[in-house]
1. Averaging sequence separations of C-alpha pairs under 8 Å and six or more residues apart, then dividing by the length of chain D, give the relative contact order as a whole percent.
2. Give the accessible area for residue A:190 in Å² (nearest 10); use a 1.4 Å probe, count only protein heavy atoms, and leave out ligands, DNA and RNA.
3. With +1 on each Lys and Arg Cβ and -1 on each Asp and Glu Cβ, and nothing else charged, work out how big the dipole of chain B is about its Cα centre, in Debye to the nearest 20.
4. Give me the tail of P(r) for chain D as a percent: Cα-Cα pairs with distance above 32 Å.
5. Just to be sure I understand: if I project the alpha-carbon convex hull of segment B:91-169 onto a plane and average over all orientations, what area do I get in nm²?
6. Using all Cα-Cα distances in segment A:58-189, what percent lands in each 10 angstrom bin from 0 up to the longest?
7. Given the DSSP H assignment, sum -39500 (n - 2.57) over each helix run of at least 4 residues in chain E and divide by its residue total; what's the result at 222 nm in deg cm²/dmol, nearest 500?
8. Only Lys, Arg, Asp and Glu count, each charged at its Cβ (+1, +1, -1, -1), so figure out the dipole size of the protein assembly as shown about its Cα centre, rounded to 20 debye.
Amino acid sequence: MRFHFKTSYDHDIRLFPDWWNFSLYAALLLVLLALPWVIDSFYLGEMTNVLIWAVAGLGLMLLTGQTGQVSLGHSAFMAMGAYSCVNFMELGLPFLAAFLLAGVFTGIIGGIIAIPALRLHGVYLAIFTLALSILMDDLIVILSPWTGGVNGYFAPEIWIFGIEINRWAAPETWYYLALGTALMVTFFYRNLLRSPLGRSFAAVRDSEISAQAMGVDVARTKTLAFGLSCAFAGLGGALMGLFAGAFNNETFNFLISIQLLMAIIIGGLGFIHGAFLGAIVIAFLPQFLSIVTDQLGSTSIPGLETGVFGMILIAFILFEPMGLYGRWLKMRTWLQLFPFARRDMFRRQKSYLKTERLR
Amino acid sequence: MSLLSLDGVTLKFGGVTAVNNLSMAVEEGQVFALVGPNGAGKSTVFNMISRFYRPVSGSITFDGHNLLNHKAHEIANFGIARTFQNIELFEMATVLQNLLVGRHRHRRSTLVEQMLFAGRVRQEEREHRHAVEEVIDFLDLQPYRDTRIAGLPYGVRKVVELARALSTKPRLLLLDEPASGLSVEETQDMRWWIDDIRRQMGITVLMVEHDMGLVSKVCDRVLALADGAKLAEGTPAEVQAHPAVIEAYLGTSAISKTANAAGVRV
Amino acid sequence: MDVLQLLLSGLANGCVYGLVALGFVLIYKATEAVNFAQGDLMMLGAFVMVGLVNPQYMGLNFWLAVPLALLIMGALGYLLDIAILRFMFGQSQTAVVILTIALGFVIRFVAGVIWGHEPQNLHSPLALGDVRMGGVVLSMADIAVIVVTLAMTLGLWQFFQRTKLGLAMQAASQNQMAAYYMGIPVKRVQGAVWALAGVVACVAGILYASKGTLAISAGFIGIKAFAAAVIGGFGSLPGALMGGLIVGIIEPFAARYFPAGYSQIAPYALLILVLVFRPHGLFAQVRVKKV
Amino acid sequence: MSALLEVRNLETFYGPIMAIRGVSLEVHKGQVVTVLGANGAGKTTLLKTISGIMDPEKGQILFEGEEIQGREPHQVVRRGIVQVPEGREVFPLLTVEENLALGAYTRHDKAEIARDRDMVFSYFPILAERRGQEAGTMSGGQQQMLAIGRGLMLRPKIMLLDEPSLGLSPLLTQEIFTILRRLNQDEGVTMMLVEQNAAVALDLADQGYVMELGRIVMSDTAEKLAASEDIRSFYLGHANEGARGERRWKKRKTWR
Amino acid sequence: QTRGVTDTEILIGGAHDLSGVFAAVSTPAVNGANLYIDMVNENGGVHGRMIRYIVEDHGYQLPRATQAYNKLIERDGVFAMLLNLGTPHNLAHYPLMERRGVPNLNPLTAARAVLPDPPGMNFTGFSSYYDQIQAGIEYLHNTTGATTVCSMYLPTDFGEEIALASHEAAERLGLTFGEETTHRPDEEDFVGAVSRLRDAGCQIVTQALGVRQGITVVGTAKRLGWTDVSFLTSSAGFLEPVAMVPGGVTDGLYASAGWQDLRARADEEAPAAFIAAYEARYSQPASGFAMLGYTAAEQMVMALEAAGPDLTTEGFVAAMEALDYDDPLLGTHINFGAGHQGANNIFISQVGEGHWNTLAEIDGDTMQEVPME
Ligand SMILES: Nc1ncnc2c1ncn2[C@@H]1O[C@H](COP(=O)(O)OP(=O)(O)OP(=O)(O)O)[C@@H](O)[C@H]1O
Ligand SMILES: Nc1ncnc2c1ncn2[C@@H]1O[C@H](COP(=O)(O)OP(=O)(O)OP(=O)(O)O)[C@@H](O)[C@H]1O
Ligand SMILES: CC(C)C[C@H](N)C(=O)O
Ligand SMILES: [Mg+2]
Ligand SMILES: [Mg+2]
């Protein structure tokens, strides 16, 4: 078991608590950077996809995990990111500028939309945002001049500093693009968490009343959380749309929102790691299942994989309602205490809920 | 001029008049107690000062500012902090994080700086942490620094709430029943803390408390409330001796033995 | 006349949403969980009925099959609770939401395996015949939907308002621990409400299938019913009906009077509008916490 | 004489944290037993474990000779054990009257229930006055009255009271204890009482236990405890004020 | 070595919706294809090679379709794609299929856009929604004398194609376009839309709606006493359950599609054999989409046979182009040729007595009615 001997308050502010921890993440980063030399183009494509989901997942995590606002409408903002990115590119901006601007643009729109949504809580916010993502479909058709309507857009060529980002010719370029974005978003996220804003997010999540009494402007905090969350989701959406090669009004439908929410909850609500783990489950598990069924000799039951996927999701949640990362934290504690841990240390103590209808 | 004054304040909930034409004034440096039977409207007065409720008539002035022109979250910026009768902490956060939220009104950095964790943010974080650590030392909360609120016993939570309020560096501290649920020993600590808060930190305190022992030890002035209206006001001794207060609030009943016991608690 | 016809058809339309919304509200009222599989339960109820009634399956008499289907779906609801949801007792409601979404996947898959993915028609006596009143026409199914929905809403509302069990359900949703302190068998009560939700879903399914063709994807109507329930103020039974009616009535009116390209937006645009002005629905169930 | 309630070697955990470390105690029929202890001693946890709200890891709880540990709480309640929880825990969106009706959930004798309700109303007239108000909007003390009244509606064999005087005015505190004494003496209700107001608690109780850090560190009759030097100084506040003086000095109070 | 082809096996991929809103289309099609492929494999395969049809489920979601294509093409390395469902899902992956040289056979959508010009290695089975609606409107105009065309549709690529065809047909034939209404897939009541179209004097109403919705519309019109109107649906609504609604609710509904209804011809030899085989295998009624899956697999196998034992993609494409035969199961002539569209002709059918009865066959190029025997 390792102890952190804290010698100054800065220890609690640092990105990494100690050298060991830093080396772990540095090693992970090296592995990720080396991945294109290790795995084939199929798995590289899947990794890219996972990273894209993780970017969008981090966006929703900021809102739902940190601020406690459940959104079922993030696909609308992903769509906004994708469309605005392509539009900015058509205006002649280089990809990188268009991409980042798409995030900012989506964030601002998200913040504006948050204003009428500020007074909503729980299921009310969830259905409000769900309605947004359902309306987005029609809105895209109505806004045909900017969206291409039902025909949508084919992903334009992407160039970054003279390198073409091409999914089929050079899958590693796409992978690095997704990885870079994921790293950037994670960095921002971590910084927010250790800053006053991150704490006010948590305050709003746990008790709006006492947050107010502490001087936290709940409306402003929620707007910021929503805006930032949308900005990240917008970046994720832009990547997803471009990665898919084409997108139209039906691409970012509300099912994407629901899957995104599933991802962060299964991964572990409130943890950055959770967004990544959840992305693996949601984006890669179905693929894994179909590879496994192929290996077993294909079955003749159509939709079997999706059915099994549903059952596995149920099993995940029953096994650990706190998400995979929550489970990992418990396992880590157990390992650290080894051999002194009690076997039933993590048996769930009975727990009880109280109404959320009091605000 | 008084630091905080309420003038003819009235608040109704449907048919219930929770506060009825109440006027009171808290002077800078005082420890002022609100007492009164259950349901007299004490917490409601706090909630109006915090701007969770808006009185139907009357005015509330703090240091020359009309509080009724401000929103709930702006009240803290005037230097008013409070605790809650039934404890409202950030359950999923640690004690340290709870207290750091108390520093919210002292932050200066912008969103972009925070996203990049620029130098100024780091510097501010250190300052916040120092301020909070002082409060932790003052209230003996060191063992709980990194514990989540959800795992704390009732009594500690009460202290954490006080600590969070102190972290805002307030001028006026509103304490809603700070000693309820505390043992005799802890109530004694509370007494010293309140004394120090007033003497060393120079913070004015307005508190609601049913423990008359504590009230008579730490308060300069007491206002007794019943059915939302003022029943009596004066020094602790004066109010405790007031027949209407005894009748409605303190009681003279058969088990005076326990009343005495309660009286000697501090 | 035109307007009256639109109104009455909208009423029947809205009652279907209201009926599914009732299922949402039931579960929410007693457990504060949102059951995203409610629409799929409705679909399942309808297919159970198809399985009992249609000639290529069991070919039972319709009226004999109705109680049987209700029983099956009630039992299934209860089973879902004891086999799955009970393990989530006391756990975060967001996790429960995800669980029910995943449950929806499984229900659709199982139904697809049993009944195939092709659309089917329930052989329902309600599907035949129209009723004319003045210049207004409604189908038998429409009338049945209206009558049954009104009766169910009233009955369930009274159940929650008047009976001890109904009160206990509300208590259990507000504070599980305190409910236990009162001797309320909270888990069993929740099982009962899931069973009840299964029955309500089945009723909705039978009526839905009597109004038209049925497919595995029918459960998606649940989204709209959810919206209806929220418009009503999630947690209020009459609110669910109201929300359903509002959504149901706006639909034909919008299609009649709004320009093409925009009319289909009406229900969701309305939902957003309602929530902006009444953040917790028409019959708000949310209170400001007293501190 | 065998005890009505007997706790043997109980251990209860919150995940990895051990909150009750081998507690044994007995409550005899007709007795009032008080449990004293500082903040975080584990009093609430002990009561919750007895009433089945929490599962113990080890040990037995016997009620009328039968093991009840680890049961579902409603089964425990149906045997006649009722807890008035710390921090009120009323049903906030139900009216006062509905809250009281739920207190009688396990009972079926309508007339008796009505009589008991009137009794509660006579103890706490404000509840009668506000019978239609949502419990969540009542003042803190009013909610506490409601929680106690609701507990009485169950007609328990034994009441587990967790800080019943929390937030009550001095007058009402006196009244509550008068009521409890009456219930105990007239109706023979057994009680287990956790109170910070140790003086009143010892005054009412027959037997007392002192808990520290999850263990029982002292047990005796209430009179003897009230007379004991340690109890007087730590729980009754008779410590000579002079010793503490104007400085902040604390005598450590943990028995280990 | 040709991709996806070994000495013993030919890999074929299919990206389908087996769990989403179009599962009703994909599932029977996959079943139908598997029925034929299994039959071929039992008889020794094609030139000694077994055919393996790998099906991926995308649930009608584009991001998941991306993964499905990634797996089928990049990991499994399939030789060709068969019956891919969904217009946008197909279109988004044309660059990939083209780059890897994967023929795309009979996608399960009749959108115009899935057959680009030049067609490359894409082959579609039938006439497009656009052509179907054009032909249908012209037929109805000629037979009923109707002059006002209207449309009700979901504002999707599919719906917009049908709306566009309705507008342009009206223009081409010198008819008036009356009114149009748009809907959502979760809409349930059409009294408003129907009365609006009636007030606009519509005589032909083209439909691009969900299955249940299309039926409800026809039933609603009848209930409201609106009988002097013809509803016309495309191949997407040309389904047995539509014709089989109890009480004859859908009687009189027209459909315009690239094939003839299966059930109506159940006593003919080829349909009867197919129905029997399908129901024996799956114990579910055989449907039109099952038939499409079956015949698509059959066409592919015919081309594989013709391409010879030295299978190359070029050889296979040439063999596909050379297919030219009467398909008794579909009831139409198949000839891919250089245009890569299998069946050119369009059939107008109408519901009566629980069946889709074929009324006319129309030449897709000339839009002239082909006399039927
Ligand atoms: N939101 C509300 N709706 C209706 N009545 C309310 C509401 N809030 C408070 N009341 C009533 O107003 C009165 C004053 O309540 P308040 O909480 O201020 O009492 P208090 O003096 O703090 O009492 P306690 O000592 O018990 O905490 C009570 O009778 C209470 O029932
Ligand atoms: N939910 C929880 N998770 C983890 N630990 C907890 C939890 N609740 C209580 N504890 C721990 O269990 C111990 C006993 O707590 P308990 O609430 O029983 O104390 P108590 O004697 O009732 O205190 P008080 O007088 O303040 O009410 C405490 O040390 C506390 O830290
Ligand atoms: C078979 C069709 C109904 C499929 C749908 N029209 C599509 O284009 O995706
Ligand atoms: Mg109060
Ligand atoms: Mg306690």
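1. 24 percent.
2. 80 Å²
3. 620 debye
4. Roughly 23 percent, once rounded to a whole number.
5. Mean orientational projected area (segment B:91-169, Cα hull): 5.2 nm².
6. Bin by bin from 0 Å, the calculated values are 11, 37, 34, 16, 2.
7. Here the helix-only value at 222 nm equals -12000 deg cm²/dmol.
8. The dipole magnitude comes to about 7140 debye.
The values are calculated or read from the model by the stated rules, or taken from the named source; none is laboratory data. If you're wondering where the values come from, they're calculated on a predicted model, not measured in any experiment. All Cβ positions, even for glycine, are placed from backbone atoms using ideal geometry, and neighbour counts span all protein chains on display. The area values use the complete protein model at the heavy-atom level, side chains included, leaving out ligands, DNA and RNA. Shrake-Rupley method; radii C 1.70, N 1.55, O 1.52, S 1.80 Å.
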